[in-house]
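The values are calculated or read from the model by the stated rules, or taken from the named source; none is laboratory data. Fair warning: this is a prediction, and the values are worked out from it, not measured in the lab. Counting neighbours? That spans all protein chains shown, and the Cβs are built from the backbone with ideal geometry, glycine included. Remember, those area values only see protein heavy atoms, side chains included, never the ligands or the DNA or RNA. Shrake-Rupley method; radii C 1.70, N 1.55, O 1.52, S 1.80 Å.
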Amino acid sequence: TANEILRWLHAQLGDNRFNLPEILEAVKNEGKKASKLVVHVENLEQYNKLLADAHDRLAVVSFSAAWCAPCKLIAPRFADLSSEHQGVLFITVDVDEFPEISAQEDITAIPTFVFYKNGEKADEMRGSEVQGLLSRISKLK
């Protein structure tokens, strides 16, 4: 983990090179900052309300699972995109936690990204290709 790496660096370099507690706090805050821009769905009602309230705003929904390696690879980039594209709503749904949402959206593979505009499904993308996400966001925004 990041904490283990920083502790090892601290052991190698000593206190004179950097402030370990300050760096640890910065790493924690950076993760919190990025995750605040992506809405993590907590139930079906919240999911449906988010999409309904988006109106003409583009909503990008990431369907993933904790055990999915490609999902883990693209998740940080998905968070980055949320800060780069103001006005776009970024939502993530864990398919294992909310199978009813996956069934409602007919999700059969992960990661899957579903794009909504004006309350309707505008596009869908399977896989973890960042360029595909970027092009769809730019086209639909």
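See the values below:
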{"read-out": "Cβ-defined net charge surrounding SER128, 10 Å radius [Lys, Arg +1; Asp, Glu -1]", "value": "+2"}
{"read-out": "Entries of LYS72/LYS139; LYS72/LYS117; LYS49/LYS117 with Cα pairs more than 23 Å apart", "value": "LYS72/LYS139; LYS72/LYS117"}
{"read-out": "Bridge type composition, the stretch 50-141 - antiparallel percent by DSSP, nearest 5", "value": "65"}
{"read-out": "Net charge contributed by nearby residues that have their C-beta within less than 13 Å of LYS141 (K/R +1, D/E -1)", "value": "+1"}
{"read-out": "Cα shape, the stretch 64-118, gyration tensor, a/c 1.5 rule", "value": "oblate"}
{"read-out": "Accessible area of the stretch 86-141 divided out per residue, in Å², using a probe of 1.4 angstrom", "value": "51"}
